[in-house]
Structure formats: C-alpha cells, structure tokens
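So the structure is just underneath, and the comments pick up after that.
The values are calculated or read from the model by the stated rules, or taken from the named source; none is laboratory data. Here the structure is a predicted model, which means the values were calculated and not measured. Ideal geometry is used to build each Cβ from the backbone, glycine not excepted, and the neighbour counts take in all protein chains shown. Heavy atoms of the whole protein, side chains included, go into the accessibility calculation; ligands, DNA and RNA do not. Shrake-Rupley method; radii C 1.70, N 1.55, O 1.52, S 1.80 Å.
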Amino acid sequence: MHGITLLGPVATDHSHQAKSGAGFDKAVFTVDWEHRRATLPQGNLSREWRPLRISGHDYIQVKFDKATCLACPVRPQCTTAVSGPRSLALLPTRELHEIQQYNRLDQRTEDWQRRYAIRAGIEATLSQNVRASPPD
C-alpha cells in the first residue's frame with residue numbers, strides 16, 4: 001500500500017518434522033480454506049477443523065482421522081503421537097498462513113539473507129547509539 005516491505009525473520013516451524021528435516025512438516029499439507037480441510041501428502045483429508053487458542057493467540061486446529069492415521073504405513077514420518085491422529089495448528093486466516101509459508105521459504109534464500117544482513121547491521125548501529133547516548 002505504501003511501497004514499504006517489512007523485512008524480518010519469521011519463526012521457524014517448531015514441529016519435530018521440520019526440525020529434523022525428515023517427515024511431513026506443515027508445508028507439505030495442502031490447505032483448502034474454502035472447504036475448511038487439509039490434505040495429507042498421501043491424499044487423506046482432515047476430518048476436523050476448529051478454532052484453537054494457544055497462549056492467548058488464535059489458531060485453527062486441523063485433525064485427521066484416528067483410524068486412518070493408526071493404519072498409515074508412513075505414520076512415523078507424520079507424527080510421534082502414540083495413539084492419536086496427526087493434527088496441525090494453522091494461523092487463523094488464509095492470508096496469514098500463506099504469508100507465513102512464503103516468508104519461511106523466502107528467508108532461506110541468499111537474496112533474503114543479503115537484504116536482512118543490511119537491516120541487522122543498521123539495527124546494531126542504532127542500538128549502540130541509543131545505549132551510548134542516553135537522553136538527557
């Protein structure tokens with residue numbers, strides 16, 4: 001709207017799948033916001049879509065069918081739950097979810113790293129000036 005791009009890191013996906021680099025992290029699920037469902041890489045559809053509140057923040061919780069999950073041959077790549085189905089916590093709107101997914105991919109690029117290095121350098125300089133020159 002104003003020709004300004006906010007450049008800053010987006011928190012990484014904290015799931016064990018994303019951290020380990022193995023298995024199915026959130027990015028591999030197809031999310032159909034219009035029909036309120038998600039699809040697993042194997043093609044199975046979610047069975048539940050409901051609001052969720054975590055630490056005062058709104059999310060959408062998506063759950064998959066328990067029986068299907070328990071019988072799935074790639075279950076260890078999808079969840080560490082002993083007896084429960086896979087679930088996802090998505091940001092509360094399509095727009096926020098898509099921005100988060102795009103930014104997570106973008107911040108892995110060399111171009112993003114180069115642009116962010118400039119911002120980080122400026123922030124360090126400003127921080128040093130503020131600390132060295134407190135207001136009168």
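Identify all residues within the stretch 6-23 that are touching a residue at least 24 places away in the same chain (Cβ under 8 Å) and either among the polar types (S, T, N, Q) or within 15 Å of L90 (Cα to Cα) (or both); write none if there are none.
Step one: list which residues in the stretch 6-23 are touching a residue at least 24 places away in the same chain (Cβ under 8 Å), which gives 7-10, 12-13, 16-17, 22-23.
Listed by number, the residues that qualify are V10, T12, D13, Q17.
Of all residues in the stretch 19-43, how many are surrounded by 17 or more Cβ atoms within 10 Å (Cβ to Cβ) and either touching a Cys at 6+ places or on another chain (Cβ under 6 Å) or not acidic (D, E) (or both)?
Going through the stretch 19-43 one residue at a time, the tally reaches 7.
Run P85 past the list (1) open to solvent by less than 40 Å² (accessible area, probe 1.4 Å); (2) assigned to a loop (DSSP other than H, G, I, E, B); (3) under 30 Å from Q113 (Cβ atoms); (4) at pLDDT 90 or above and report the number of the one that doesn't hold.
All conditions pass for P85, except number (3).
Starting from residues that are small (G, A, S) and open to solvent by 40 Å² or more (accessible area, probe 1.4 Å), keep the ones in the stretch 44-57 and report whichever is nearest to P73 (Cα to Cα).
Restricting to residues being small (G, A, S) and open to solvent by 40 Å² or more (accessible area, probe 1.4 Å), the top hit is S55.
If you scan the stretch 1-41, which residues turn out to be assigned to a loop (DSSP other than H, G, I, E, B), out of contact with any helix residue (DSSP H, G or I) (no Cβ under 8 Å at 6 or more places or on another chain) and either of a type outside the set (S, T, N, Q) or within 24 Å of R75 (Cα to Cα) (or both)?
Of everything in the stretch 1-41, those that are assigned to a loop (DSSP other than H, G, I, E, B), out of contact with any helix residue (DSSP H, G or I) (no Cβ under 8 Å at 6 or more places or on another chain) and either of a type outside the set (S, T, N, Q) or within 24 Å of R75 (Cα to Cα) (or both) turn out to be M1, H2, G3, I4, L6, A11, H14, G21, F29, E34, H35, R36.
Do any residues in the stretch 99-128 that are closer than 30 Å to T30 by Cβ have Cβ atoms under 8 Å from those of residues that are among the acidic types (D, E), where the two are at least six apart or on different chains, and which pairs are they?
R104/D13; W112/D106
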